[in-house]
Amino acid sequence: MVFVGGARAAELASPVGAPPPDHAADNLIFFENKVRPLLADHCYECHGEKKQKGGLRLDSQPGWQTGGESGAVIVPGHPDTSLLIEAIHYKNEDLQMPPKQPLSAPAIAILTEWVRRGAPDPRVTTPAATGTKIIAMTAAGARTHWAYQPITSPPVPVLPHATPQLNAIDQFVRARLAQEGLTPNPPADPRTLVRRAYLTLIGLPPSFERVEQFAAQPTPAAFAELVDQLLARPEYGQRWGRHWLDVARYSDTTEKSVDGERRIPFAHTYRDYVIESFNTDRPFNRFILEQIAADRLPAAAKPDLRALGFLTVGRRFEGNIEAPNLIIDDRIDTIGRGVLGLTLACARCHDHKFDAIPTADYYSLVGILASSHEPMDLPEVGPPLTSDAITKYRTDRAALFADYEKHVDTTTALARRLVRELAPEYLRHLVEESPNHRIVDGFIPLDTPRGLLVLGGAPAWARLIDESVQRGEPYFALWPQFMKLPAVGFAEQAQALLAAAARQPERHDACVLAAFAEKPVASMLEVADRFGAVITEALKTPEAPGLAAVINAPHSPLQFTRAAVAEDLLRFVTEALIVARRDNEAAGKIREKITTLEANAPIERAQAVAVSAVLVDPTILIRGDRLKIGAAVPRRLPHLLAAIDDQAFADDGRLKLAEALTSAKNPLTARVMVNRVWQQHFGRGLVTTADNFGAMGERPSHPELLDHLAAWFIEHGWSLKALHRYILASATWQQSGAGQAVALERDASNRWLWRMPPRRLEFEALRDSLLRVAGRLDTRLGGHSAPLDDENVRRAVYGYTDRFRISALLRNFDAANPDQSIARRSETTNPLQALYFLNSPFLRAQAENVNRQPEIAELLDVSERVTVLYRRILIRRPQSEEINLAKAFLGVAPTTAQWIQFAQVLLLSNEFFFCD
């Protein structure tokens, strides 16, 4: 028996046959989404192809590796000693980049993180020493790329010495092993098979009695029955649902970093939906369909709205002016990498550098997803319930919603009133922004002596004036003529203009002519003041005909609709177009109260989305900049999926997207999912880059097997349980994990599957297993999440995940980062892990509880108790040598403390920590 700690623990934590953690894909996505746009916007002008200030280029990896006149500017992995990071912090007066103004704090953090990661950079302009230069995939190239080919089932290889026990999986694997000159391992022993099946399918160890029962009659039929029993248990959904939650970047909170409510009130209902879907074997195509568009399915199809949490449990980017765009980007990225195995989000700022995904395709998806919103009034799910607590909740909820509706009404009336009262200031603002009369560069301040303007006020007045002029009304006929006059010589030309107007009084409003008759005007700002005075006077009698009637008409641009105000109250405070900041903030406080109430609700709701009343007609944002509007694009599928549906969508298109993702014609979805399942069984996928099947992804080790599994999966109704049965019935899955000298030399990473590799239990399965052997595990289904403190004995999948404050325990044990879709968890070995299990009260409590089990506590004979402890914890009988070692440690009359220490030793063993 080997104990965790030291070099041996590190060796077993990354066993032969398991590839080292590969962060290359995540780093590439980070560079393309975050770093490249920053460098392009702020650095290329001085350090690019046309200009190399200081001899430095930052538009390629060789450029910054060469450095400039000051030497190397980036020390990969060491931002503290990198000149580039020093320069962007503006702390050295002689070294400041960019020279005109410093970068924002988030931009500095992005570049610092990039250097800390080792400055990963795909912009290699010369062939790398280890391979050829990667050229961007063209549309023609996409037609020949392996992952985009239609899924067909290839012929199963015929083996010269095949036996009836081998299924098609084995024939594909063994044919490749033969090509590589390797031989498969013999079958694992029956006891190993039972433990492997339990840990793989339900994440919990079997009992000693169940192992012995199978070992007494280890037939294929008995093993198939065992697998069926495990797949029928609710713990299966808890185990495999957790794998999908990694992909879905599940969290119970937003990443909000300030004090206040950041819980996503009904995130847990999405988690429960996922677990239920795995337990009921919901067809995977239906599973994906509901997660993208459950609300768009007909009621007769009985859609489960909880599934829409797939879209809504992601990051919210609160406090970020780019939040609306970033939320959609996060959803596109999760759908792309999670379902299709494509890095779609890399086409946000430019055409994809490697795959045939143009920027237009990205923004077509933006149009689809941005045409939906998250309603405040989330739909209730589950059976109707009644209680005093529920009655109070409904009353309090109704009162808060009434407060919010009242606030919208009040704000609407206020916005309409203020845009009229501040008419002179809005007209002056129009003048100050005009090309002929602008006197300052940049943003024109919104604060005026009479009050703060809103962003949408001046454009609303501009539309009203323009529409009035287009209708041939006299009230603003002079305004566009004044605006066309240049600032230089304005007084003289304005006098001539007014003289001409006086000769045609029937074309102009008498009040306007009178306002200009008093004395000449010297500037366009004076013109704005005169018009403002006329408007103010007219509005004193709002029911009168004439100018007041134009301003107050039902369809006047100044008659802000209630719906527009309600939408504006959801915008970032500095982006509000209609409402004042104080009203925006007041609305936010009511919404926070609603969120807090919902987070503690005694009923369940779906964290859903709904189609918006006004659909988004997408346009390309040049370099991803929301202020640089490019060409319009239709709502449609990416061109890679054009064979499924090549039409532009008149509706929002979300259901069409979901149907395309789950179509049997889609070459990616089934391949990606069977590869994920394979990865969980064997420690690595047939495609090791599980979320990237594009040009930068790895090619499959067994392409024919991958296609066979994908076709089999579709043919068998997209059933995940059927796929498990198929894989577990194979000799490939049932072979032993022993090493072979020749195979270890030729294929140390087990790429060709000559053995079943040993795998360390991830955090959730390990914690659950500890509680199970201690007799404390609570396997109840569903409900609110709770922190994984020492008193929480539920399965870890029900642990509370705080996106902003991820606990040190979860970080130390490589739990999934909920900020993005995770294809495969990192697997590290560090001292903090060993220290936790050596010193934590949690592990000691489990050791105590193991010894409290009646079949153990009542035993007085040392050898008997040692044997029973081995049987309960390690699911086997101890060897004679192990009994002797235990007796030497325990002595003749062990104390309770000694028994607890002994149990803790067994719980700390690699034999307990590892599957196989």
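The values are calculated or read from the model by the stated rules, or taken from the named source; none is laboratory data. Predicted model, so just to flag it, every value in this text is computed and none were measured. All Cβ positions, even for glycine, are placed from backbone atoms using ideal geometry, and neighbour counts span all protein chains on display. Areas reflect the complete protein model, heavy atoms only, side chains present, ligands, DNA and RNA absent. Shrake-Rupley method; radii C 1.70, N 1.55, O 1.52, S 1.80 Å.
Where helices (runs of 4 or more DSSP H) fall wholly inside region 165-263, the ranges with 2 or more residues that are touching a residue at least 24 places away in the same chain (Cβ under 8 Å) and under 36 Å from the mean Cα position of the chain (by Cα) are 168-179, 190-201, 220-231, 234-247.
When restricted to residues that are modelled with pLDDT under 85 and of a type in the set (G, A, S), region 108-134 contains 3. The listed residues are T334, T343, T412, and the only one of them that is of a type in the set (S, T, N, Q) and farther than 30 Å from N666 by Cα turns out to be T412. In the condition set (1) in a loop (DSSP other than H, G, I, E, B); (2) aliphatic (A, V, I, L, M); (3) free of Cβ contacts under 8 Å to residues at least 40 places away in the same chain; (4) surrounded by fewer than 16 Cβ atoms within 10 Å (Cβ to Cβ), V521 is compliant with all but (4).
Of everything listed in (1) closer than 25 Å to A222 by Cβ; (2) touching a His at 6+ places or on another chain (Cβ under 8 Å); (3) open to solvent by 10 Å² or more (accessible area, probe 1.4 Å), the single unmet condition for V677 is (3). Considering R671, R636, R654, which residue is of a type outside the set (G, A, S), touching a helix residue (DSSP H, G or I) at 6+ places or on another chain (Cβ under 7 Å) and under 30 Å from R397 (Cβ atoms)? Of the residues listed, the single one that is of a type outside the set (G, A, S), touching a helix residue (DSSP H, G or I) at 6+ places or on another chain (Cβ under 7 Å) and under 30 Å from R397 (Cβ atoms) is R654. Among the residues of region 306-339, how many are more than 11 Å from the chain's Cα centre (by Cα), under 19 Å from K256 (Cβ atoms) and assigned to a helix (DSSP H, G or I)? So the answer is 4. Scanning region 769-810 for residues that are touching a residue at least 24 places away in the same chain (Cβ under 8 Å), loosely packed, with under 15 Cβ neighbours inside 10 Å and of a type in the set (D, E) turns up just one, D790. Among residues of region 381-400 being surrounded by 15 or more Cβ atoms within 10 Å (Cβ to Cβ) and of a type outside the set (K, R), the one that is farthest from V633 (Cα to Cα) is Y393. Only one of the numbered conditions (1) assigned to a helix (DSSP H, G or I); (2) in contact (Cβ under 8 Å) with a residue 40 or more places away in the chain; (3) surrounded by 18 or more Cβ atoms within 10 Å (Cβ to Cβ) is violated by P557, and that is (1). Quick check: is even one residue across region 580-599 of a type in the set (S, T, N, Q) and in contact with a strand residue (DSSP E or B) (Cβ under 6 Å, 6 or more places away or on another chain)? Taking every residue of region 580-599 in turn, none turns out to be of a type in the set (S, T, N, Q) and in contact with a strand residue (DSSP E or B) (Cβ under 6 Å, 6 or more places away or on another chain). Scanning region 396-420 for residues that are among the β-branched types (V, I, T) and either more than 30 Å from A533 (Cβ to Cβ) or in contact with a strand residue (DSSP E or B) (Cβ under 8 Å, 6 or more places away or on another chain) (or both) returns a single hit, V408. Against the condition open to solvent by 40 Å² or more (accessible area, probe 1.4 Å) and over 22 Å from the mean Cα position of the chain (by Cα), how does A631 come out, does it pass? In short, yes.
With respect to (1) open to solvent by less than 10 Å² (accessible area, probe 1.4 Å); (2) touching a strand residue (DSSP E or B) at 6+ places or on another chain (Cβ under 8 Å); (3) not small (G, A, S), the lone exception for L668 is condition (2). Using the structure shown, decide if Q901 is open to solvent by 30 Å² or more (accessible area, probe 1.4 Å) and assigned to a helix (DSSP H, G or I). When the stated conditions are applied, Q901 passes them. On inspection, D651 passes the criterion of being part of a loop (DSSP other than H, G, I, E, B), at pLDDT 95 or above and open to solvent by 30 Å² or more (accessible area, probe 1.4 Å).
Within region 717-738, can you find the residues that are open to solvent by 30 Å² or more (accessible area, probe 1.4 Å) and closer than 19 Å to D170 by Cα? Passing the criteria: R725, Y726, A729, Q734, A738.
Return yes or no: is A548 assigned to a helix (DSSP H, G or I) and free of Cβ contacts under 8 Å to residues at least 12 places away in the same chain? Yes, satisfied. The single residue among L753, L766 that is within 31 Å of the chain's Cα centre (by Cα), surrounded by 18 or more Cβ atoms within 10 Å (Cβ to Cβ) and of a type in the set (A, V, I, L, M) turns out to be L766. Answer yes or no as to whether S14 is among the polar types (S, T, N, Q), modelled with pLDDT of 85 or more, open to solvent by less than 70 Å² (accessible area, probe 1.4 Å) and more than 26 Å from the chain's Cα centre (by Cα). It is false that S14 is among the polar types (S, T, N, Q), modelled with pLDDT of 85 or more, open to solvent by less than 70 Å² (accessible area, probe 1.4 Å) and more than 26 Å from the chain's Cα centre (by Cα). The lone criterion from (1) open to solvent by less than 40 Å² (accessible area, probe 1.4 Å); (2) part of a helix (DSSP H, G or I); (3) not small (G, A, S) left unmet by P303 is number (2).
Only one entry of R811, R824, R844 meets the criterion of being of a type in the set (K, R), touching an Asp or Glu at 6+ places or on another chain (Cβ under 9 Å) and closer than 19 Å to A765 by Cα, and that entry is R824.
You will find that of A765, A748, the residue that is within 20 Å of L908 (Cα to Cα) and in contact with a Gly (Cβ under 8 Å, 6 or more places away or on another chain) is A765 and no other. For L621, the conditions (1) under 22 Å from C346 (Cβ atoms); (2) surrounded by fewer than 19 Cβ atoms within 10 Å (Cβ to Cβ) are fulfilled apart from (2). The single condition among (1) closer than 26 Å to P186 by Cβ; (2) in contact with a Leu (Cβ under 8 Å, 6 or more places away or on another chain); (3) part of a loop (DSSP other than H, G, I, E, B) that L705 does not satisfy is (3).
Yes/no matrix, rows are residues, columns are (1) open to solvent by less than 20 Å² (accessible area, probe 1.4 Å); (2) farther than 30 Å from F912 by Cα; (3) at pLDDT below 95:
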position: T144; (1), (2), (3): no, yes, yes
position: A147; (1), (2), (3): yes, yes, no
position: P154; (1), (2), (3): no, yes, no
position: L159; (1), (2), (3): no, yes, yes
position: V173; (1), (2), (3): yes, no, no
position: A197; (1), (2), (3): yes, no, no
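Looking across region 742-801, the residues that are basic (K, R) and assigned to a helix (DSSP H, G or I) come down to R746, R767, R772.
When restricted to residues that are buried (at least 20 other Cβ atoms within 10 Å of the Cβ) and either of a type in the set (D, E, K, R) or without any contact (Cβ under 8 Å) to a residue 12 or more places away in the chain (or both), region 317-334 contains 4. Considered as a group, the residues in region 613-633 that are assigned to a loop (DSSP other than H, G, I, E, B) and at pLDDT below 95 include one that is nearest to Y393 (Cα to Cα), and that residue is A613.
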